[in-house]
Amino acid sequence: MNNQLDLSQQEAIVVTFGNFKGGTGKTTNSTMLAYALAKKGYRVLLCDQDPQANATTLFLKTKAAREDDYITSRKH
Ligand SMILES: Nc1ncnc2c1ncn2[C@@H]1O[C@H](COP(=O)(O)OP(=O)(O)OP(=O)(O)O)[C@@H](O)[C@H]1O
Ligand SMILES: [Mg+2]
């Protein structure tokens, strides 16, 4: 099986994690897949469409820890 994505392809591949049930790993799997694909050199856009903004918070905290940035985020 070919497990490589075609990087020359212009069209984006959309992967959606969704489940009506809470706490089933949607955030964990979407953030880790985005991270793993980015590490492999793919251009990745992670869209956090959850008002809890847990994926956004996770990446902001990671960025702050790595780059010694001071980042604030306000949840409305
Ligand atoms: N593959 C896994 N193995 C073990 N624990 C996991 C795994 N994936 C997620 N978890 C744990 O399960 C819990 C819920 O995960 P997560 O927050 O990703 O779920 P969620 O579906 O996004 O939840 P919510 O509906 O609240 O947004 C977390 O404590 C997370 O660490
Ligand atoms: Mg979540």
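Listing for the model above:
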| item | result |
| --- | --- |
| Every pair of residues 6+ apart whose Cβ atoms lie under 8 Å, when the first sits in the stretch 53-76 and is over 23 Å from residue 26 (Cβ atoms) and β-branched (Val, Ile, Thr) while the second is assigned to a helix (DSSP H, G or I) and modelled with pLDDT under 90 | 71/60; 71/61; 71/63; 71/64 |
| Residues satisfying the stated conditions in the stretch 36-75, i.e. of a type in the set (A, V, I, L, M) and within 20 Å of residue 22 (Cα to Cα) | 46, 53, 55, 58 |
| Scan of the stretch 36-55 for residues that are away from ligand 1 (no atom under 12 Å from the Cβ), outside any loop (DSSP other than H, G, I, E, B) and surrounded by 11 or more Cβ atoms within 10 Å (Cβ to Cβ), ordered by number | 36, 37, 38 |
| Qualifying position, being of a type in the set (A, V, I, L, M, F, W, C), closer than 25 Å to residue 11 by Cβ and surrounded by 12 or more Cβ atoms within 10 Å (Cβ to Cβ), among 58, 33 | 33 |
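The values are calculated or read from the model by the stated rules, or taken from the named source; none is laboratory data. Values in this document were obtained by computation on a predicted structure and should not be read as measured data. In this analysis, Cβ positions are derived from the backbone assuming ideal geometry, glycine residues included, and neighbour counts consider all displayed protein chains.
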